[in-house]
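Engineer: Quick one: this structure, given as structure tokens, is what I'll be asking you about.
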Amino acid sequence: MITPDYVAEMAAYSRWQNDTIYRICDEIGQEERLRDRGLFFGSIHHTLDHICLVNRSILTFLDGVMPERASPRQIVWSDWEDLKRIRLMQDDILSAGGREWTEAWLAEKIVMKSPRFDDPPTFARWVMVVQIFNHQTHHRSQVTSALHAMGIDYGNTDIPWRLGAGYFAG
């Protein structure tokens with residue numbers, strides 16, 4: 001079981017990492033973001049789009065609604081500015097979750113109703129909250145690897161070194 005404090009910390013960490021990636025991606029430009037780099041989703045843009053697509057699905061599911069199916073191979077937000085706007089909105093939702101999602105809400109059981117499942121799985125909501133953060137980290141690491149291959153120093157990704165976290169003085 002996780003706590004609202006966990007959600008708040010992971011939301012702050014995720015925003016920090018997203019801010020760094022999107023700043024660097026602004027700097028490298030559209031051509032470099034769209035170049036096929038051999039990532040699971042090909043390009044940096046498509047990988048970041050996929051993160052937002054899955055975030056949208058999980059956030060919809062957390063509200064008790066089964067998300068509409070979308071192919072992971074499809075790019076939902078092809079416009080870079082739209083993708084940045086969606087990412088910021090999702091970061092805001094996750095930050096609000098750290099303030100508003102109670103332990104009782106996180107512990108509530110939800111059913112993943114879908115025509116794909118004869119026997120739909122049931123699990124605590126917190127499992128999907130952990131999944132949203134884990135999924136983002138997994139795919140952001142693919143992007144940071146691509147940036148590294150481009151000779152770009154991405155910087156720190158360690159939770160305790162997040163600016164403003166207060167874990168270290170100075």
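The values are calculated or read from the model by the stated rules, or taken from the named source; none is laboratory data. Here the structure is a predicted model, which is why all the values come from computation and not from measurement. Note that each Cβ is placed from the backbone with ideal geometry, even for glycine, and that neighbours are counted across all protein chains shown.
Engineer: State whether the residues of the stretch 92-99 include one that is in contact with a helix residue (DSSP H, G or I) (Cβ under 8 Å, 6 or more places away or on another chain) and closer than 19 Å to Thr122 by Cβ.
Structural biologist: Among the residues of the stretch 92-99, not one is in contact with a helix residue (DSSP H, G or I) (Cβ under 8 Å, 6 or more places away or on another chain) and closer than 19 Å to Thr122 by Cβ, which makes the answer no.
Engineer: Only one of Asn156, Asn134 is of a type in the set (S, T, N, Q) and in a helix (DSSP H, G or I). Can you tell me which?
Structural biologist: Answer to the selection: Asn134.
Engineer: Which of the residues that make up the stretch 34-48 are closer than 14 Å to Thr144 by Cβ and either basic (Lys, Arg) or in contact with an Asp or Glu (Cβ under 7 Å, 6 or more places away or on another chain) (or both)?
Structural biologist: Arg37 - this is the single residue of the stretch 34-48 that is closer than 14 Å to Thr144 by Cβ and either basic (Lys, Arg) or in contact with an Asp or Glu (Cβ under 7 Å, 6 or more places away or on another chain) (or both).
Engineer: Could you tell me whether the stretch 29-37 includes any residue that is polar (S, T, N, Q) and either modelled with pLDDT of 95 or more or under 18 Å from Ser141 (Cβ atoms) (or both)?
Structural biologist: yes
Engineer: Right, another one. Across the stretch 27-59, what is the number of residues that are part of a helix (DSSP H, G or I), more than 16 Å from the chain's Cα centre (by Cα) and either within 16 Å of Asp91 (Cβ to Cβ) or touching a residue at least 24 places away in the same chain (Cβ under 8 Å) (or both)?
Structural biologist: Total meeting the criteria: 4.
Engineer: Taking the stretch 98-131 only, how many residues are outside any helix (DSSP H, G or I) and under 18 Å from the mean Cα position of the chain (by Cα)?
Structural biologist: Adding up the residues that qualify gives 1.
Engineer: Now a separate question. Please count how many residues of the stretch 144-153 are part of a loop (DSSP other than H, G, I, E, B) and either touching a Leu at 6+ places or on another chain (Cβ under 9 Å) or closer than 18 Å to Ala12 by Cα (or both).
Structural biologist: 1
Engineer: What number of residues in the stretch 159-170 are in a helix (DSSP H, G or I) and of a type in the set (A, V, I, L, M, F, W, C)?
Structural biologist: Matching residues across the stretch 159-170 total 2.
Engineer: Take the residues in the stretch 67-120 that are surrounded by 12 or more Cβ atoms within 10 Å (Cβ to Cβ) and of a type in the set (Phe, Trp, Tyr), then tell me which one is farthest from Asp26 (Cα to Cα).
Structural biologist: Trp105
Engineer: Additional query: Would you confirm, using the coordinates I've provided, whether Arg23 is at pLDDT 95 or above and buried (at least 17 other Cβ atoms within 10 Å of the Cβ)?
Structural biologist: no
Engineer: Which residue, of Ser95, Ser141, is assigned to a helix (DSSP H, G or I), among the small types (Gly, Ala, Ser), modelled with pLDDT of 95 or more and in contact with a Lys or Arg (Cβ under 8 Å, 6 or more places away or on another chain)?
Structural biologist: Ser95
Engineer: Answer with yes or no whether Ile110 is hydrophobic (A, V, I, L, M, F, W, C), closer than 21 Å to Ala12 by Cα and modelled with pLDDT under 95.
Structural biologist: Here the answer is no, as Ile110 does not meet what is asked.
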